[in-house]
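Undergrad: The following block contains the structure, expressed as structure tokens.
The values are calculated or read from the model by the stated rules, or taken from the named source; none is laboratory data. A quick note: this is a predicted structure, and the numbers were derived from the prediction, not measured. Note: ideal-geometry Cβ built from the backbone for every residue, glycine included; neighbour counts use all protein chains shown.
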Amino acid sequence: MKRQRPVSLVVHGGAWNIPDDEADAHRRGVLNALKAGWDLLRDGGTAVEAVERSINVMENDETFNAGRGSVLNAAGEIELDASIMEGKGLRAGGVAAVQNIANPISVARVIMEKSDIVLLVGLGATRFAKEHGIATCGQDALITGREISRWREAQASGTATPVSRKKAPGRSAPGGTVGAVALDADGTIASGTSTGGTPNKHQGRVGDSSLIGCGTYADNEIGGVSSTGGGEAIIRVVMAKSVIDMMRSNGDDPEQAAKDAIALLKKRTGGEGGVIVLNASGGVGTAFNTPRMARAFITSSIKGPIAAV
Ligand code: GLY
């Protein structure tokens, strides 16, 4: 009998101080995203398709800080960052500070698949999306009442200055970046990450989620990673690629690499965050140093999904 190749999928809905009364929504949200991606993978879909599908589900779920429900910047607007990578040809695409797009991960995928570009920012990214038939939307379609209240509170309390580079979305600021890493039956690994960034951020601020090697990395020879947490700190330790390099030298142990990368983040920058990791055989690792991280995974060698917040 032909042996089935392993398939795996792991997703996250952000590492931060998720309040008790939001924990159930986060658990449901990551499980919904996992199921949507897993249905595709199990039916022979590609890792890229599964990552995009899982992330789309979380971008459309206003529980998370991605797509609709994202935090507002200092000007009261939504600017989104996202990136995707596939590990066979090391192909990648990303958008940064893009506006009027509900599903930035889908624009990142089109950039990866239909152009020679890796990263597009701002208006250029929105124009690229339109040129490729991706619908745009008004800010109103993405802004929720919850985020307007948070933003108004910040304005009224006099804390409405752009978030400083030292203030990571750890214990105090809401996070909720989303990400997914998949291994498909052809042995290809894909990773993706999507976010609204940090609350009250300066207009034009770009975090790790757009940046290949920081928020997202995938290499079929080693594995795939998606990061979440304080973007400025994550960028400075090139987090996603650091995890890959650690797995390369630790005998392909995704859990140890995840823990070591979070320790590095803390030690070198004082930053807070988390990572989800797959190795090339579909083994899963997760680690975070925030109070909570919403996450879920499934592999072809376990009976059902495992989720935690
Ligand atoms: N990790 C998301 C951000 O800092 O933008």
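Undergrad: What pairs come up if the first residue lies in the range 108-128 and is closer than 22 Å to residue 53 by Cβ, the second is among the acidic types (Asp, Glu) and surrounded by fewer than 17 Cβ atoms within 10 Å (Cβ to Cβ), and their beta carbons are under 9 Å apart, counting only those six or more places apart or on different chains?
TA: Short answer, once both residue conditions are applied: none.
Undergrad: In this structure, is residue 86 of a type in the set (Asp, Glu) and buried (at least 24 other Cβ atoms within 10 Å of the Cβ)?
TA: Values: of a type in the set (Asp, Glu): yes; buried (at least 24 other Cβ atoms within 10 Å of the Cβ): yes.
Considered against the rule, which asks whether it is of a type in the set (Asp, Glu) and buried (at least 24 other Cβ atoms within 10 Å of the Cβ), residue 86 comes out as yes.
Undergrad: Restricting to the range 254-290, name every residue that is assigned to a helix (DSSP H, G or I), of a type in the set (Val, Ile, Thr) and out of contact with any helix residue (DSSP H, G or I) (no Cβ under 7 Å at 6 or more places or on another chain). Give the derivation first.
TA: Step one: list which residues in the range 254-290 are assigned to a helix (DSSP H, G or I), which gives 254-269.
If we keep only those that are of a type in the set (Val, Ile, Thr) too, we end up with 262, 269.
Once the filter is applied, which keeps residues that are assigned to a helix (DSSP H, G or I), of a type in the set (Val, Ile, Thr) and out of contact with any helix residue (DSSP H, G or I) (no Cβ under 7 Å at 6 or more places or on another chain), the range 254-290 yields only 262.
Undergrad: Then there's this: Quick check: is even one residue across the range 32-51 in contact with a Pro (Cβ under 8 Å, 6 or more places away or on another chain) and among the hydrophobic types (A, V, I, L, M, F, W, C)? Give the steps one after another, and end with the answer.
TA: We begin by selecting, within the range 32-51, every residue in contact with a Pro (Cβ under 8 Å, 6 or more places away or on another chain); these are 34-35, 38.
With among the hydrophobic types (A, V, I, L, M, F, W, C) added as a condition, the list becomes 34, 38.
For the range 32-51, residues in contact with a Pro (Cβ under 8 Å, 6 or more places away or on another chain) and among the hydrophobic types (A, V, I, L, M, F, W, C): present.
Undergrad: Give me the residue from the range 191-205 that is within 26 Å of residue 34 (Cβ to Cβ) and in contact with a helix residue (DSSP H, G or I) (Cβ under 6 Å, 6 or more places away or on another chain) and, out of that set, surrounded by the fewest Cβ atoms within 10 Å (Cβ to Cβ).
TA: 195
Undergrad: Also, I was wondering about something else. Please specify each residue of the range 58-84 satisfying the condition of being among the aliphatic types (A, V, I, L, M) and farther than 17 Å from residue 125 by Cβ.
TA: Here is the first cut: in the range 58-84, the residues among the aliphatic types (A, V, I, L, M) are 58, 66, 71-72, 74-75, 78, 80, 82, 84.
Of everything in the range 58-84, those that are among the aliphatic types (A, V, I, L, M) and farther than 17 Å from residue 125 by Cβ turn out to be 58, 71, 72, 74, 75.
Undergrad: Can you pull out the residues in the range 287-304 that are within 16 Å of the ligand (Cβ to nearest atom) and over 14 Å from residue 176 (Cα atoms)?
TA: 287, 289
Undergrad: Here's another thing I want to ask about it. Take the residues of the range 211-229 that are hydrophobic (A, V, I, L, M, F, W, C) and more than 15 Å from residue 10 (Cα to Cα): which is farthest from the ligand (Cβ to nearest atom)?
TA: First pass over the range 211-229, keeping only residues hydrophobic (A, V, I, L, M, F, W, C): 211-212, 214, 218, 222, 225.
Now restrict to residues that are more than 15 Å from residue 10 (Cα to Cα): 211-212, 214, 222.
Values: 211: 10, 212: 14, 214: 9, 222: 22 Å.
Restricting to residues being hydrophobic (A, V, I, L, M, F, W, C) and more than 15 Å from residue 10 (Cα to Cα), the top hit is 222.
Undergrad: Please tell me if residue 188 is modelled with pLDDT of 90 or more, surrounded by 24 or more Cβ atoms within 10 Å (Cβ to Cβ) and not hydrophobic (A, V, I, L, M, F, W, C).
TA: Details: modelled with pLDDT of 90 or more: yes; surrounded by 24 or more Cβ atoms within 10 Å (Cβ to Cβ): no; not hydrophobic (A, V, I, L, M, F, W, C): yes.
Criteria not met by residue 188.
Undergrad: Right, something else. If you check every pair at least six apart or on different chains, which have Cβ atoms under 6 Å apart with a residue in the range 197-210 that is more than 10 Å from the ligand (Cβ to nearest atom) first and a residue that is part of a helix (DSSP H, G or I) second?
TA: Pairs found: 200/154.
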